[in-house]
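Novice: Shown below is the structure under consideration.
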Amino acid sequence: MNRMIRMRPVHYKTLTMSTTLTRSTALTRAIDYRLLTISSPAFSDGSRIPNKYTCDGENINPPLHIQDIPTEATSLAIIVDDPDAPIGTWSHWLTWNIPITHTVRENHQHGEEGLNDFLENRYDGPCPHAGLHHYHFKVYALDAQMILPGRTRQRDLEKAMAGHILAYGELIGTYKRKGS
């Protein structure tokens, strides 16, 4: 059975997990997670991501600060995606088994990396073809290490994390290329 898991904040400390099955059957349930506070010295929530972190600059991951990590967490995972892509949500970075840290340094591989939608095992920054896009930097505090191959895609990572998420936080940045 092929499943896709989507998570989005509903209100403080609650996320809705929707699992869409291939037979168009939808199952939705509320799960109570602790809330992580995610920030970056490079951009604030809802603001423009600097060129340095995009395809128009150095194309390196921005620094992130993570607060309120539960003491029982054993690892972190990060997914960066663009839900505004014309063909559906586009993955820019998948990384997991990040040792517990409050700082994700720029241009640094912190854990294992999966295949983004550019088919690369790395961070690939914003590079929208047209218009303003929103980039979601999603951070998960997990109670386990994920044993996954390097060819892991976003849906596979989300499926593996299900049942292991202790806390979740998100930082959203925007980007529009010149002339688009």
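Novice: Being in a loop (DSSP other than H, G, I, E, B) and farther than 24 Å from residue 54 by Cβ is true for just one of 151, 122, 155. Which residue is that? Spell out how you get there, then give the answer.
Specialist: Working: 122 fails: farther than 24 Å from residue 54 by Cβ; 155 fails: in a loop (DSSP other than H, G, I, E, B).
Result: 151 is the single residue among 151, 122, 155 that is in a loop (DSSP other than H, G, I, E, B) and farther than 24 Å from residue 54 by Cβ.
Novice: Tell me which residues, restricted to the stretch 26-61, are within 15 Å of residue 170 (Cβ to Cβ) and in contact with a Lys or Arg (Cβ under 8 Å, 6 or more places away or on another chain).
Specialist: 33, 34, 35
Novice: Now a separate question. Kindly establish whether residue 106 is without any contact (Cβ under 8 Å) to a residue 60 or more places away in the chain and charged (D, E, K, R). Outline the logic, then answer.
Specialist: On the way: without any contact (Cβ under 8 Å) to a residue 60 or more places away in the chain: no; charged (D, E, K, R): yes.
No, not satisfied.
Novice: Follow-up question, since we're still on this one. Within the stretch 154-165, does at least one residue satisfy the condition of being within 16 Å of the chain's Cα centre (by Cα), of a type in the set (S, T, N, Q) and at negative phi?
Specialist: Start the filter on the stretch 154-165 by keeping residues that are within 16 Å of the chain's Cα centre (by Cα), which leaves 154-162, 164-165.
After this cut, where a residue has to be of a type in the set (S, T, N, Q) as well, the list is 154.
Filter once more, so that each one left must be at negative phi: 154.
Scanning the stretch 154-165 turns up at least one residue that is within 16 Å of the chain's Cα centre (by Cα), of a type in the set (S, T, N, Q) and at negative phi.
Novice: I've got another one for you. I need every pair where a residue in the stretch 110-125 that is more than 19 Å from residue 177 (Cα to Cα) has its Cβ under 8 Å from the Cβ of a residue that is basic (Lys, Arg) and outside any strand (DSSP E or B), sequence separation at least 6 or different chains.
Specialist: 113/122; 114/151; 114/153; 115/151; 115/153; 116/122
Novice: Across the stretch 65-95, what is the number of residues that are over 17 Å from residue 113 (Cα atoms) and crowded, with 19+ Cβ neighbours inside 10 Å?
Specialist: Result for the stretch 65-95: 4.
Novice: Being surrounded by fewer than 19 Cβ atoms within 10 Å (Cβ to Cβ) and closer than 15 Å to residue 135 by Cβ is the filter here; which residues of the stretch 48-62 pass it? Walk me through it before giving the result.
Specialist: Of all residues in the stretch 48-62, those surrounded by fewer than 19 Cβ atoms within 10 Å (Cβ to Cβ) come to 48, 50-52, 55-60.
Selection gives 48, 50, 51, 52, 55, 56, 57, 59, 60.
Novice: Another question about this same structure. If residue 160 satisfies all but one of (1) surrounded by fewer than 17 Cβ atoms within 10 Å (Cβ to Cβ); (2) over 23 Å from residue 67 (Cβ atoms); (3) among the small types (Gly, Ala, Ser), what's the number of the condition it fails?
Specialist: Only one criterion is unmet by residue 160, namely (1).
Novice: Hey, among the residues in the stretch 124-157 that are farther than 19 Å from residue 45 by Cβ and in contact with a His (Cβ under 7 Å, 6 or more places away or on another chain), which one's surrounded by the most Cβ atoms within 10 Å (Cβ to Cβ)?
Specialist: Result: 142.
Rule-based calculations on the coordinates, nothing more; no lab input. Model, not experiment: these values are computed from the prediction. As a convention, Cβ positions derive from the backbone with ideal geometry for all residues, glycine included, and neighbour counts pool all protein chains shown.
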